[in-house]
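A short worksheet on the structure shown next.
What follows is calculated from the coordinates using simple rules that are stated; it is not laboratory data. Remember, predicted model here, so these are calculated numbers, not experimental data. Counting neighbours? That spans all protein chains shown, and the Cβs are built from the backbone with ideal geometry, glycine included.
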Amino acid sequence: MVYLTRVEHFNAAHKLENTNWSAEKNKEVFGKCANANWHGHNYELHVTVKGTSQADTGFVFNAKRLSVIINEYACDKIDHKNLNLDVDFMKDKFTTCENLAIGIWEQIQPVLKAEGVDLHCVKLYETERIYVEYFG
Ligand code: NI
């Protein structure tokens, strides 16, 4: 099995808030991400597909096509958007790095499957020091 990863970037605004909690509790749990007037992150997205090296190309999957799919079905819907307000697949969810990684998986996995490649991992960095990995 060979694993191929494509890296993309996007920027987005959000806030983390549990509306059942006071502002103080939200601040205690979510820290700066609870800021009432939003804030942004520079996200780094790593999408890994897996398969075998194809006889006619030597590729697991065309990396350029992988980039097009990631951008068309995920990044273009998120980049320079407000995750809480603008992104249909994040509606009514906590806009955490965890839920965003799951949401991105759900956007791109069916497209990749239809093109004959298996999605292995969506790895999403919210900061240089915090990332999540989702394996489906
Ligand atoms: Ni944040």
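Given a Förster distance of 25 angstrom, what is the FRET efficiency for ALA114 paired with ASP92, based on the Cβ-Cβ distance and rounded to 0.05? Efficiency computed from Cβ-Cβ geometry: 0.40.
Using DSSP loop states and a limit of at most 13 other Cβ atoms within 10 Å to flag trypsin sites (Lys or Arg not before Pro), what is the longest stretch of the chain containing no flagged site?
Longest run free of exposed loop sites: 1-90.
What net charge do the residues around CYS75 carry, taking every other residue with its C-beta under 14 Å from that of CYS75, with Lys and Arg at +1 and Asp and Glu at -1?
Within the 14 Å Cβ shell, the charges total -3.
Straight-line cross-link reach from LYS123 at under 15 Å between alpha-carbon atoms covers these aspartates and glutamates, not counting any fewer than eight positions away in the same chain: GLU8, GLU44, GLU98, GLU106, GLU133. Look at the alpha carbon pairs under 8 Å that are at least 6 residues apart: their mean separation over the length of the chain gives a relative contact order of 30 percent. Per residue, the chain reaches -7500 deg cm²/dmol at 222 nm when only DSSP H runs of four or more residues are counted, each adding -39500 (n - 2.57).
Coupling constants for the stretch 5-14 follow from the phi torsions by the Karplus curve (6.51 cos²θ - 1.76 cosθ + 1.60, θ = phi - 60°), and in residue order they are 10, 10, 10, 10, 10, 7, 10, 7, 9, 6 Hz; glycine and proline get x.
What is the mean projected area of the alpha carbon convex hull for the stretch 2-134, to one decimal in square nanometres?
8.2
Semi-axes of the equivalent ellipsoid for the stretch 5-75, computed as √(5λ) from the eigenvalues of its C-alpha gyration tensor and ordered from largest down, come to 40, 12, 8 Å.
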